[in-house]
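Read through the structure below, which is laid out as structure tokens, and then see the notes.
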Amino acid sequence: MQWSVVVGYGVGYGLALSLLFTAGVFAGAAASRDFLLDDYPPAIQHRYGKPKSARGRRVATLFGVFVWGVCGLPLMVAAMAGLHGALPDGLSFLPAAVCAALVFATLTVWDLIVLDWLILAGLRPRLLVLPGTEGMAEYRDLRFHLTAALKGSPLILAVGLLTGGIAALIAALIA
């Protein structure tokens, strides 16, 4: 098994998904600043003082469709197809599961370090700061973002296992 190939595909496709995710975040915020309202620290949500707008809910739905349907699923299919051709014995469960988990882990780490810590907590672009919450110290709460990332981390394993299972099943059916 060529694990460097598996890691390369996982991290490479994870970075591609991360860049598209980042573009989606900024596009979503440009369309509706409150579309990620539930992802802000509670004190920021409280000071903002409004529920997510109808427009924010629509943009959040479109963001989900874009990131997972338009970008995530096709990129995962491309990663699995490329990996199938790159491995001498074709694609089996374990390399597919590891690759898929690495795609999602890369996105998770990118979201935490680049989007949450560097951009939101560090640079705080106006586009991502909710109106009326400017200057709040909670934007710089790195622990809040780390905790949120850790709470979502079991999805890495779930995505890996599910994708590995599906990829192995498809490989077995077409073999």
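The values are calculated or read from the model by the stated rules, or taken from the named source; none is laboratory data. Keep in mind it's a predicted model, so treat the numbers as computed, not measured. Positions of Cβ are backbone-derived with ideal geometry, glycine not excepted, and every protein chain shown enters the neighbour counts. Just so you know, the surface numbers come from the protein's heavy atoms only, side chains and all, with ligands and any DNA or RNA stripped out. Shrake-Rupley method; radii C 1.70, N 1.55, O 1.52, S 1.80 Å.
So which chymotrypsin sites (Phe, Trp or Tyr not before Pro) in region 68-157 end up in coil per DSSP with only 11 or fewer other C-beta atoms within 10 Å? When the chymotrypsin sites (Phe, Trp or Tyr not before Pro) of region 68-157 are filtered for loop state and at most 11 Cβ neighbours within 10 Å, nothing remains.
Only helices reaching 20 angstrom along their own axis (Cα) with mean Kyte-Doolittle hydropathy no lower than 0.0 count here, and for the DSSP H runs of the chain these are 3-31, 93-110, 154-174. Compared with the direct C-alpha span, the chain from LEU157 to ILE174 gains 3.6 nm at full extension, assuming 0.36 nm per residue.
Taking Lys and Arg as +1 and Asp and Glu as -1, the other residues whose beta-carbon sits under 14 Å from that of PHE35 total +3. Please compute the Cα-Cα pair-distance distribution of region 41-117 with 5 Å bins starting at 0, giving whole percents from short to long. Binned Cα distances yield the sequence 3, 12, 14, 17, 17, 13, 9, 6, 5, 3, 1, 0. For the chain, the carbon plus sulfur part of the accessible surface works out to 70%, probe radius 1.4 Å. A full extension of the chain between ALA86 and LEU123 corresponds to an added length of 9.3 nm, given 0.36 nm per residue minus the alpha carbon distance.
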